[in-house]
Structure formats: structure tokens, C-alpha cells
Amino acid sequence: DVKVTQSSRYLVKRTGEKVFLECVQDMDHENMFWYRQDPGLGLRLIYFSYDVKMKEKGDIPEGYSVSREKKERFSLILESASTNQTSMYLCASHRGPGNTIYFGEGSWLTVV
Amino acid sequence: GENVEQHPSTLSVQEGDSAVIKCTYSDSASNYFPWYKQELGKGPQLIIDIRSNVGEKKDQRIAVTLNKTAKHFSLHITETQPEDSAVYFCAVGGSGGSYIPTFGRGTSLIVHP
């Protein structure tokens with residue numbers, strides 16, 4: 001069974017803390033994505049990566065960075081968390097254009 | 001870039017009724033149209049998809065239709081059940097070889113017993 005695993009499901013962090021959200025996929029996919037999901041706003045793309053060490057900004061990259069040191073792992077980093085980054089974060093991956101996108105279960109982040 | 005509009009944003013039906021959710025897209029070169037179901041507290045899961053060389057696809061109670069001329073595609077759920085209650089997203093992918101799928105804003109489907 002194919003899998004995208006987000007290791008942290010629920011986090012509570014303080015303003016100004018550095019936050020790491022980890023995502024691992026076991027399908028040997030080249031492409032990985034980080035989305036943010038907020039009520040009424042749908043899925044907004046933060047960053048994506050099409051290869052190891054490669055990254056591209058999405059629609060809302062401000063306040064975030066990413067790391068892809070290995071093909072199976074894509075990390076989202078909040079350098080200094082702020083309350084407006086409280087949200088649900090979804091990791092996804094796919095093999096290429098026109099292929100099924102697989103999502104993780106999501107990471108609920110609350111910044112206080 | 002691609003623009004995807006999804007309607008309605010909320011849909012309330014009685015158990016046993018049919019539900020239809022519609023998406024329109026802008027790029028005529030798009031060729032892959034998946035639908036995702038997201039249950040509360042979970043990530044979206046693919047439920048059905050269609051490619052541009054096919055007009056309709058069915059899987060038990062769900063079906064997707066595609067009208068490439070009009071650039072819209074729809075999800076049809078027949079004989080709805082309470083467990084169909086979820087948020088449904090359409091997506092468009094594959095346009096011009098783009099790696100990035102474009103998602104609709106989602107439809108919250110509520111099925112009343």
C-alpha cells in the first residue's frame with residue numbers, strides 16, 4: 001500500500017520557535033509538495049520539489065523554507081513561527097504530470 | 001496558469017439522493033482530472049479520476065463526466081449514504097507537462113440520515 005507519512009500529526013508551538021514538519025514517501029516519487037489548508041481557502045501550495053536538493057516556490061512561500069536531502073523525504077521549516085501560521089499542513093507526492101497525487105494525513109500546527 | 005472553479009461550496013442532501021459537484025477549468029491542454037475525498041481530520045484520498053480521452057468513468061456509486069469542449073467535469077454520487085459526508089476536491093493536472101496540479105476550493109457534502 002502506497003504511503004505518504006507525516007510524522008507529526010498535532011503540534012503546539014510558541015511564537016518565534018523554529019518548527020520542522022517531516023514528510024516521507026515510500027513510492028520513489030520524484031515530485032513532492034507542501035500545501036497549507038485553511039477553511040474556505042482550499043489547498044494552497046507552499047513549496048514543491050521535483051528532485052533531490054531542488055525546490056520551487058509555490059503560491060505562499062513567505063515565512064517557510066524546505067529541505068530535500070533524500071528522494072523520499074521532504075521537510076517544511078518555519079524559521080520563526082507566527083500565530084498566522086496556525087493551520088493544517090499537507091504533504092503530497094506524485095510520479096509526474098498526469099499521475100495520481102498521494103497525500104499524507106496532515107499535520108495540525110497551532111502557534112500560540 | 002490553470003484556473004479551477006468548483007461549485008457548490010456546500011451541498012446538503014438526504015440519504016438516498018444523488019449529489020453532483022461541478023468543476024470548470026481554463027487550460028484546454030489539461031488532460032488529467034482527479035477527484036479527492038477528505039474526511040474530517042484526514043488527508044485527501046483519490047476516489048476517481050478521468051483522462052481527456054474518456055468522456056465518462058464509473059466506479060460503483062460514483063461517476064465522473066468530462067466535457068472537454070466546455071472545459072468542465074463533474075462528480076456524480078448516487079444513492080448517497082451518511083459516510084459520503086466529507087469535503088470533495090477536484091483537481092486538474094498534466095497541462096503542458098506541468099508538475100503542479102491545480103485544485104478546486106472544495107465542496108462540503110453533508111448527507112442527512
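Check each of the GluC sites (Glu not before Pro) in segment A:19-71 and keep only those in coil by DSSP with at most 10 other C-beta atoms within 10 angstrom; list them in order.
Passing both the DSSP loop test and the Cβ count: A:GLU62.
Less than 13 Å from a label point 7 Å out along the Cα-to-Cβ axis of B:SER52: which backbone N atoms in segment A:81-112 qualify, by residue?
Under cut-off, by backbone N: A:98.
What FRET efficiency, computed as 1/(1 + (r/R0)^6) with R0 = 25 Å and r the Cβ-Cβ distance, is obtained for B:ALA29 and B:ASP59, rounded to the nearest 0.05?
0.45
Give me the extension gain from A:ARG14 to A:THR110: residue separation times 0.36 nm, minus the current Cα-Cα distance, reported in nm with one decimal.
Here the segment from A:ARG14 to A:THR110 would lengthen by 33.7 nm.
Work out the length of the dipole vector of chain B about its Cα centre, built from +1 on the beta-carbon of each Lys and Arg and -1 on the beta-carbon of each Asp and Glu, and round it to the nearest 20 debye.
For this selection, approximately 300 debye.
Over 23 Å between Cα atoms, which of A:LYS13/B:LYS37; A:LYS3/B:LYS37; A:LYS13/B:LYS42 qualify?
Working: A:LYS13/B:LYS37 29 Å; A:LYS3/B:LYS37 16 Å; A:LYS13/B:LYS42 21 Å.
Listed pairs above 23 Å: A:LYS13/B:LYS37.
Once every Cα of segment A:17-109 carries one equal point scatterer and solvent is ignored, give the base-10 log of I(q)/I(0) from the Debye formula at q = 0.12, 0.17, 0.20, 0.21 Å⁻¹, two decimals.
-0.33, -0.66, -0.93, -1.02
Which of the trypsin sites (Lys or Arg not before Pro) found in segment B:1-102 are in a DSSP loop and have at most 16 neighbouring Cβ atoms, other than their own, within 10 Å? Please list the in-between numbers first.
Details: sites: B:LYS22, B:LYS37, B:LYS42, B:ARG51, B:LYS57, B:LYS58, B:ARG61, B:LYS68, B:LYS71; in loops: B:LYS42, B:ARG61, B:LYS68, B:LYS71.
Sites meeting the loop and neighbour criteria: B:LYS42, B:ARG61, B:LYS68, B:LYS71.
What residues have an amide H closer than 5 Å to that of A:THR86, excluding those fewer than 5 places away on the same chain, when H is modeled at 1.01 Å from N in the peptide plane?
A:VAL111
Just to compare against my own numbers: the Cα pair-distance distribution for chain B, 5 Å bins, whole % per bin, please.
Reading the bins upward from 0: 2, 13, 24, 25, 19, 10, 5, 2, 0.
How do B:HIS112, B:HIS72 line up, fewest other C-beta atoms within 10 Å first?
Neighbour counts put them in this order, fewest first: B:HIS112, B:HIS72.
State the Cα centre-to-centre distance between segment A:65-112 and segment B:1-71 in whole Å.
Computed from Cα coordinates, the inter-centre distance equals 24 Å.
Label-point separation (nm) for B:SER108 and B:SER12, each offset 7 Å from Cα along Cα-to-Cβ?
Each label point lies 7 Å from its Cα, and together they span 1.1 nm.
Every number here is computed from the coordinates shown, using simple stated rules; none is lab data. Worth saying up front: this structure is predicted, and the values here are computed from it rather than measured. Here Cβ is always computed from backbone atoms with ideal geometry, including for glycine, and neighbour counts include all displayed protein chains.
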